[in-house]
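The values are calculated or read from the model by the stated rules, or taken from the named source; none is laboratory data. Nothing here was measured: the structure is a model prediction, and the numbers come from that model. Backbone-built Cβ (ideal geometry, glycine too); neighbour counts: all protein chains shown. Surface accessibility is based on the protein's heavy atoms, side chains included, excluding ligands, DNA and RNA. Shrake-Rupley method; radii C 1.70, N 1.55, O 1.52, S 1.80 Å.
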Amino acid sequence: MNSDNRIGPPAFGSERETLRAFLDYHRATLAMKCEGLTDEELRQRSMPPSTLSLLGLVRHLAEVERAWFRRVFEDHDAPMVWSDEIDFQAAYDASGSTRAEAFTAWEAEVETSRRIERAAGSLDLAGYQPRWEEEVSLRMVMVHVLLEYGRHNGHADLLREGVDGTVGA
């Protein structure tokens, strides 16, 4: 991690501005944790039998973005990125993946999520979560995805330290 270019969330702002900023901050944190590593280092697993790696986290969070924004608000039948079924675990196995593959997919899903959020008139916009078979608000989706990033960025901290000893941020 060469530099910290993340933009911190505002100390004051609307609910939407604050949620958007925290989500983007956590997205930037994941990218920062992967900065400067080779494909092999990004694929380095935490400990047997786990397949968890930094690259696996990037792939998993691409699935999360797709499942919670695209599938809820645009296309309930959109396939997952790395599995024919709704299998979030499949993304964790990054043994045959590369930075280019994983980050291209993740960045595309993040941009789709941002577009969907920006186009919504309100955080009360309702979408249908096909896995739960119920409607959910954009607010709930943003909070849920934010919690996913927070949890997985904690994993990323430990994974990065295991790869090259880098800690912080």
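Per-residue answers, yes or no, for (1) touching a strand residue (DSSP E or B) at 6+ places or on another chain (Cβ under 8 Å); (2) hydroxyl-bearing (Ser, Thr, Tyr); (3) open to solvent by 50 Å² or more (accessible area, probe 1.4 Å):
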position	(1), (2), (3)
Thr51	no, yes, no
Val58	no, no, no
Arg70	no, no, yes
Asp75	no, no, yes
Ala90	no, no, no
Ala94	no, no, no
Arg99	no, no, yes
Val110	no, no, no
When residues of the range 115-139 are limited to those that are outside any loop (DSSP other than H, G, I, E, B), without any contact (Cβ under 8 Å) to a residue 40 or more places away in the chain and open to solvent by 60 Å² or more (accessible area, probe 1.4 Å), the one nearest to Leu57 (Cα to Cα)
Arg115
Collect the residues in the range 145-157 that are surrounded by fewer than 15 Cβ atoms within 10 Å (Cβ to Cβ) and in contact (Cβ under 8 Å) with a residue 24 or more places away in the chain, keeping them in residue-number order.
Gly150
In the range 38-48, which residue that is closer than 18 Å to Gly154 by Cβ and open to solvent by 10 Å² or more (accessible area, probe 1.4 Å) is modelled with the lowest pLDDT?
Met47
Test each condition in (1) more than 21 Å from Leu23 (Cβ to Cβ); (2) touching a Cys at 6+ places or on another chain (Cβ under 7 Å); (3) not β-branched (Val, Ile, Thr) for Leu54 and report the one that comes out false.
(1)
